[in-house]
Amino acid sequence: MENNMKKICMKDSYNGINPCLSLSDFIKQATEKYESLVAFKTYNMQWTYGELYHSIRQCYPYFLDGEVKYYCLDIDDPFHFCVLFFAVILAGKVAVLGKKEQFSLNDSIEEIGINDYQKIKSTSHPFDSFAFVNEDEMSVIALSSGTTSVSKGVMLSQHNILSDTFSGAIAYGYPQGAVYLNILPYTHLFGIVADMLGPLASGGTICFSNNKLNIFKDMQAFSPTHMNLPPAVIYTIEKALLQSQNILRTTGGLLRKIMCAGAKIEENTVREMLKYDIEVLAAYGLTECSPCVSMNTSDGSKIGSVGRILPCCKARIKDSEIVVSGENIMLGYFGDIESTQNVMHDGWLYTGDLGYIDDDGYLYITGRKANVIVLENGKKIATDILESELCKIHDVEEALITSDTRNNRVLLNIRIVSRVEQKLIIDEIDKFVKKYGINDRIKNITVTLEPLKKNKLGKVIRSRY
């Protein structure tokens, strides 16, 4: 396969940084270019790129000589997570993203929390250089998205992650000096690539607080210019803007661009946010792709699509399924050869997502292969589409349709705004299931006021039975 990223490395630079495939080169270049600029900022503290680099060099020796191979990083604080993430990988060890109990690792594993940071930092003097680490070997294990009941450990290399980082950054156009408010957890690849490495590659400042629920207070305090968010948070911002009609009080006044991934964003929301001069640019990816595959950009976007394919990979449609190959594709599932072989064929990853690519090269997602209901007449219906249609019923806030592995019984979970018109809503739902011919498949309909269970990126969790 043609190595697109190495061609980029030879010809182009990004804001003065040459796209690279090792985190050692990445952080050295970022420090040389932006040393005195602020990399991370809280309400009462800030760290420059030079201070970030120094902290990494101080923590690095702790991991270099230890017998432990896997270090589980369960840290919410973005600055300290970033320091330890770099230190672990540059020492030739594996950064495991999440909680220790989420992984089955036969070898030794040590969990690192925020309270361990000072102990690690004080172990020795900072090293001036880092040992060589093969950029194509496993450096990260991340959980797959977790929207189903089974998550797997996705093995990724520095090459995987940085090819995706620079392809996305070049396409998206992170401007030097941009200000970001961190909401995304760094235990997810979208957070690491879009909300940590992308900003650091461009001299951005990443702002954060100890309470991510105070999003409007934080936006007013930090005045972010860019944010990377799941749809659920964007809907919250949209609602606040509609209520206040005051962009300064709601977002700090400088917000101009939001990258959106994790789930489909409603087209009306994209149009509404444009009225406030805020671009919402939908992207698409999955952990197995490090994670981004495609992205809308300021230079080219189509509402309803998830953008064009990034230069680090290729995508095609096979039997309505999106399949991807390229430098960002995972090494495999940790300790699970069978599952790896089930999704990888001849160098192509079968994503399980359904979609199509239009004549202009824009990718559209139409559903999940596993979520398709096959009717007796052979007609196939994507539950994702049915859920969107259900949400058009008055006072229906969220909808989730799940089925068993044979697709012969269906559960509907409906979140409504209030119970005042519950009977009318149920009548509308009954009409809906008859219209689509799934009334005989219904096992149960649950109507609730409680939000549907979601993971940290705002994706509804699809538990199977």
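Nothing in this text is a laboratory measurement; each read-out follows from the coordinates by a stated rule. These numbers were taken from a predicted model, which means no experiment stands behind them. We place every Cβ from the backbone using ideal geometry, glycine too, and count neighbours over all the protein chains shown.
Observations
- Taking amide H atoms as placed 1.01 Å from N in the peptide plane, the amide H of PHE40 lies under 5 Å from those of TRP47, ILE206, each 5 or more residues away in sequence or on another chain.
- Cα-Cα pairs of the stretch 248-348 separated by more than 18 Å (percent): 56
- Highest average packing first - 183-196, 431-444, 303-316, 20-33, Cβ atoms within 10 Å: 183-196, 303-316, 20-33, 431-444
- Put simply, the Cα atoms of the stretch 280-422 extend 53, 41, 31 Å along their principal axes, the longest span coming first.
- The chain: calculated mean residue ellipticity at 222 nm from DSSP helix runs of at least 4, using -39500 (n - 2.57): -8500 deg cm²/dmol
- Label-point gap, in nm, between ASP74 and LYS212 - each point 7 angstrom along Cα→Cβ: 1.6
- The three principal axes of the Cα atoms in the chain give end-to-end lengths of 70, 53, 45 Å, sorted in falling order.
- DSSP bridge pairs, the stretch 201-355: antiparallel proportion in percent, nearest 5: 70
- Using R0 = 25 Å, the C-beta based FRET efficiency linking ASP128 and LEU37 works out to 0.70.
- Rounded tilt (10° steps) of 23-34 against the dominant C-alpha axis of the chain: 80
- Taking 0.36 nm per residue of sequence separation and removing the Cα-Cα distance, the LYS275/GLN102 pair yields an extension gain of 58.0 nm.
- Size of charge dipole - the chain - debye, nearest 20, with Cβ of Lys, Arg +1 and Asp, Glu -1, no other charges: 980
- Three semi-axes describe the equivalent ellipsoid of the stretch 165-257; taken as square roots of 5 times the Cα gyration tensor eigenvalues and ordered largest first, they are 22, 14, 12 Å.
- Here's how it looks for VAL154: its modeled amide H is under 5 Å from those of ALA142, LEU143, SER144, PHE334, which are all 5 or more places away or on a different chain.
- In order along the stretch 74-82, the Karplus-derived 3J(HN,Hα) couplings, from 6.51 cos²θ - 1.76 cosθ + 1.60 at θ = phi - 60°, round to 10, 10, 7, 5, x, 5, 5, 4, 4 Hz, and Gly and Pro are given as x.
- A simple packing score, the average count of other Cβ atoms within 10 Å per residue, orders the peptides 278-284, 392-398 as 278-284, 392-398, with the highest score first.
- Full extension of the chain segment joining ILE337 with VAL417 gains 24.3 nm, where the gain is 0.36 nm per residue of separation less the Cα-Cα distance.
- Where labels lie 7 Å past Cα in the beta-carbon direction, separation of LEU64 and ALA370 in nm: 4.3
- Long-range amide H partners of VAL410 with built H, under 5 Å: ILE442, LYS443, ASN444
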